[in-house]
Amino acid sequence: MKKTAIVLLVTFALLLTFAGPATFASHSEPAAPTHVSQERTECNEDLSGQTVTFYAFGDLSGPFAFITQPLVAGLEDAAAYFNEQEGGVCGAAIEIELGDTGGSQDRAQEFWDEFSNLDPQPEVMFMFGSADAELLRDQIAEDQIPVLLAAGSELALYGETGDEPAWTFAIIPLYTDQLGNFCDYIAENWDSFDIEGDPVIGHLSWEGAFGRSSDTEETRAYCAERGIGYAGAEYFLPTTSDVSTQLDVLIDEGANIIYTTSLASGPANVAAAIAGAELQDEVLMAGTNWALDTSVIGLAQRDADGITGTMPYLWWDELDNRGIQVISNQWAVNHFIPAGDDEEAQRNALAIRNIAYLLSFPVIDAYIELMTQAINEVGYDNLDGQAIYSILNGGFDYNAMDGVLRFRYDENTRAITNGRIGQIQFLEVEGGVQPTVAPLNDFLDLPDLRVGGEDTVE
Amino acid sequence: MAEWELFGQSFHLVVQAIINGLLLGGLYALIALGIVVINKASGVFNFAHGWMMFAGGLIFWQFYANEPSTSLVGIMILVSTLLIGSAILGLGFLRKPAPLVEDSTTGASQNGDLFHRVLIFMKRRELDPRRTAVAIAIGAALWAVLVVGLLQDSSVIVRGAAGAFIGSILIGLMIERITIRPLLGKPLLTAILMTLAIGFVLQGFTQIIWGPNDRKIDVFTAEAATSPSTGSSSSSSSYVVQIYTEDQGQRAQQTKDTVGTGTAPDYRIKTEELLGKDLRLKRFLVWGFFIAIGTFVAFTLFFRYTTLGLAMRATAENQVLAESVGLRVRLMLAVAWAIVAVMAAIAGIIQGTGGTGVAVLVVPILALRVFPAVLLGGLESITWAMVGGLVIGVVEQLTIVYLDTTAAQQMAPFVVLIIVLLIRPDGLFGQRRIDRV
């Protein structure tokens, strides 16, 4: 039987050999883009020949790898771009150091311990998950290393009472603020959606801290004041096979807006249930910024058409913007064009062209600006987390990548505070269909709906 | 009747939830069947079943959504030939061969002509010529379907199924040969822990080969979609992206990928007059339900009426005794793992055709959700694994209607399980074994 085992192994190896290469696209050197950062502070020191390290950790190989892998690709492309075109941080080359937690909070703790005990200690770190940020909230403050967070957890950012600003700064708006902005838009533009009845929101979201973060007493009261009813909330685990029954319950309660706080397969699952029930003309599907993404379009296809929500950044197709041009160029040169006619490689390249890759460029741009301001303030030799925190806490306002994403923090603000309404649309163009996230209005300041926030309604 | 309520919920909603539960329960039952078959064959609770589902779904997608390369098709045909040939010959290897004796009735000996040598071979293997001929005919037909399916461009579903089945059989055989067989005779806990390890290995393999992206198997798609945002009607077409490069500026770039039309409407039962609304049946779950029923019937017949099935049951009952009467225990195990790998692939494919696609967040974990169904049947009963799946599906959906908290919804199947186990520790229909000293 040993022979049989060897035959099976060889056959499987051959299968891997032939099937595997389809998934790997080759890379080539990027073309030379031109200068983009119009608002960059002039650096007072020359650190040429040195390196600075941007530390990041999160789930890179576990269940959220589909969104973090493009983020990793984006961070590396962005670092390479800024090193080559803008001299990194005051001439020092940026290196990316990543930690893969695989979705384990134990590993997140280990990475924090490892990175925060390095000598010299990192000045700033980047994290991807709400749960990790909530877990490490106190320790982050204790170790005095500011964290940029690709999530909008109110608990991680402001604590349980809402008035304890942390050392963590989100690169997207709070989910409560996003829903408030959505309600503002619906209150003024409901007729344009051509849906029967007054607007009534039903939440159909993932179970857990992230999924439950939009539906709070503050958002219910705020939306109610704008004439938007509340049908209730149904939560489902990401592992749920189908959400038709949850949808039926909300529809029975009178919902004609289904709002989801989930991502990738979550919105796709909800969209499929709505399409299966043929409710596209009777229900508006909406969600947080993560629902307006190519990861959802890839799974839901045209079921995703019309998903509406708050979008706090420019989108890939807004190519009049110089920052978007640079990001598009980096993606095209590093991931798309070398793929040629290889169907699988093109599909993988399209998967990379998502929200996470897009955001990684303004994140690195903002990191450079932060470091530059801090170096000017205290000098490179004295640079530490406290210096970066002082910049962020003291009033940091920066239009990264020429306005792709506006970072604006102060002593009471720990998340992005402006945004606009976007909608997934499928544009009929020559040669096929162009899925896009189209802006429906201009950037506005979002309502502050954290616990005790300025715009909360009694 | 349209305004009837049942414990505060509309009658239509409750009936719809029960239907959804039964259909979803069909998928659960299919998954539970796979876990029970492995447990019956080897006594191992297979924690890798979810990852086998995931791998099977991805292999289907690979052949369904992509043009397979000539070399890949060639390999798959070779492997299918090898597997089916082995299966046909394997029928004769269920028992160890009888000693060679001179056949006084035919006068045939080992040195006779080919026909006589075949007769002697069959006699030693205790093969019935008619059954063997039928098995060879079925095998040949199956092989033809696989080959045609792999080669024919137009029948992508057959191509996908052929690829997934062969790939999954291969995975099942490898798991059995490399990881499970060496543990025969070792403590069961070791084998169970091994299945956990297999799950992690499959997770790694799938990520290396297919990357982290979820894959949609768009079988149940609408013929054309009317856009809620633009109002236009359109069908599946090329995915176009706007890109910018420094050397060519902005341009529209057509890709090889396509934009599908979205999910086809659910099947409907006209009940508007009676219940106020039509009842809806999710397409992918309807197919899953009937495939689960079909698989259940096929397995019941297989275990009850075929030589191989009877041999597998005997092996499952008592491996030592089975070996002592000449049955090849290791071969039985290999067959069981191959069959279960195919069942897992079918379940993975069905879920892949739903709203989530073949998603890493959904498919592998789905197997964990059916544990109550498996345990309800006492880990041994195929019939009650089936019933357990349906019960868990209905309980889960009804709790969504009646209980507000998701925690309660997730807990409900396990509460049912705990109650059952408290009353009958061997499960509703598990066999109570009496150990005599």
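What follows draws every value from the coordinates through simple rules; no lab data is involved. Worth saying up front: this structure is predicted, and the values here are computed from it rather than measured. Cβ: placed from backbone, ideal geometry, glycine included. Neighbour counts: every protein chain shown.
Below is a table of values for the structure above.
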| item | result |
| --- | --- |
| Which of A:Asp455, A:Asp293, A:Asp184 has the fewest Cβ neighbours within 10 Å, and the rest in rising order | A:Asp455, A:Asp184, A:Asp293 |
| Burial ranking of peptide ranges A:276-285, B:56-65 (average Cβ count within 10 Å, highest at the top) | B:56-65, A:276-285 |
| Cβ neighbours within 10 Å from other chains - mean over A:343-355 | 4 |
| Ascending count of other beta-carbon atoms within 10 Å, so fewest first, for A:Val363, B:Val158, B:Val297 | B:Val297, B:Val158, A:Val363 |
| Long-range HN-HN contacts of A:Phe54 with modeled amide H, under 5 Å | A:Glu95, A:Ile96, A:Glu97 |
| Cα centroid of region B:322-358 to Cα centroid of region A:96-169, whole Å | 44 |
| Kyte-Doolittle at least 1.0, axis length at least 20 Å by Cα - qualifying DSSP helices, chain A | A:2-19, A:355-378 |
| Gain in span if fully extended, A:Gln105 to A:Gln386, counting 0.36 nm per residue against the direct Cα distance | 98.6 nm |
| Rg/Rh ratio calculated on Cα atoms of region A:408-458 (Kirkwood radius) | 1.22 |
| Region A:211-274 and region A:392-444: distance between their alpha carbon centers, rounded to Å | 23 |
| Calculated log₁₀ intensity ratio I(q)/I(0) where the Debye formula runs over C-alpha points of region A:364-458, q = 0.10, 0.24 Å⁻¹ | -0.44, -1.20 |
| Chain A pair-distance distribution - Cα-Cα, 20 Å bins, rounded % | 24, 56, 19, 1 |
| Least to most buried among A:His335, B:His116 (fewest other Cβ within 10 Å first) | B:His116, A:His335 |
| Two-site FRET efficiency, A:Glu84 against A:Asn376, from Cβ-Cβ distance with R₀ of 30 Å, rounded to 0.05 | 0.85 |
| At R0 = 41 Å, FRET efficiency that the Cβ-Cβ distance of A:Asn44 and A:Glu343 yields, to 0.05 | 0.20 |
